[in-house]
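The values are calculated or read from the model by the stated rules, or taken from the named source; none is laboratory data. Note that this is a predicted model, so its numbers are computed, not measured. A quick note on method: Cβ atoms are made from the backbone with ideal geometry, for glycine too, and the neighbour counts reach across all protein chains shown. Heavy atoms of the whole protein, side chains included, go into the accessibility calculation; ligands, DNA and RNA do not. Shrake-Rupley method; radii C 1.70, N 1.55, O 1.52, S 1.80 Å.
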Amino acid sequence: MATCTRTVWKVLARCQRQLLSASGPAYSGVSQTAPRNLPVRTFAAVKTLKKDKKDNAEKEVKKEKRVIDDKNRHKPFGKTGWVPVDDVYVMRYYPRTLHDPAEAIDMLKKFQALDFTPHNQPVYIDLKLDMKLEKKKKVDPFVSTVHLPHAFKAEMNRVLVFTEDANQATVARENGAVFAGGVELIQPILDDEVSADFYVAVPDILPKLVPLKNKLRKKFPKSKRGSVGINVPKMLELFKTGHEYMVESDCYVRSQIATLDMPSEHIFANLQTILVDVCSHRPASLGPFIERAIIASHTSEAVWFKSEDVLPKSPEKEE
């Protein structure tokens, strides 16, 4: 019986070798009847467990930003007090002092007298704007030209008028336009033979000025900026003595508003004019548009002031 069993096992082993050699690849120079010891895997690979994103999202709890209300506190959170007792103190231990606009202008004049700096140095403002609108929309960065009540430049701006009407061109030159003409001015502008500070146009010629878009860029006439219209004398009156400012880096307005040798009332009037024009680019119902306001001269330190005191108050707030 044992002999028969061994014979059967030998036959089965030879059959298995022949089947494996027949199914395997045929290599040149290797005998097909040569014994082959193939590794046999006796276990299955463990499947990797995929973590559900939903489970991870539930586990990760976002930390909400802590909002601290300092209105009814005897001192601000993390500070020593509301106002320093002495005139020499460490600034980081107290909240930043916001001055009245008139007081801030007087401080700039005092800085100039103490530092013996030029009395006719320029005065700048630096505004940070809240550009948010409803439904996750934002105010597009804008460029605006405003007529200041007290000009600080001695020379007038150079204005070029695009029009094909000979009468309008004559009126433009009489009202102070440096150049006035039609499509014949396109090539001289591209060749840098003709240039101006501002470019205005009548609506009829606007489609013919497309070749100048890349050249003029932000100075290209647009109706939003008031540089496209029928009333040429009115546009010239604005742009000849107008002051231009723009939104930089998405939310900042940095512009000169006056010179330090001007009376304080004139500086305040120019400041008020620009702030009112800035706030006109967003609805007042959405809250304050100006988050932070700074005024400084060319050589002085920055003075933070309350922008809401410059803006005219509505009758409801006064009541």
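Note on region 145-243: dipole from Cβ charges, positive end direction compared against 212, 239, 147; the farthest Cα belongs to 147. For region 145-243, with all protein chains in place and a probe radius of 1.4 Å, 51% of the accessible heavy-atom surface sits on carbon or sulfur. Excluding ligands, DNA and RNA, the accessible surface per residue across region 145-243 is 57 Å² with a 1.4 Å probe. Applying 1/(1 + (r/R0)^6) with R0 = 45 Å to the Cβ-Cβ distance of residue 215 and residue 82 gives a FRET efficiency near 0.25. The magnitude of the dipole of region 145-243, with charges of +1 and -1 set on the Cβ of Lys/Arg and Asp/Glu and taken from the Cα centre, is near 560 debye.
At an R0 of 22 angstrom, the distance between the Cβ atoms of residue 134 and residue 281 translates into a FRET efficiency of 0.90.
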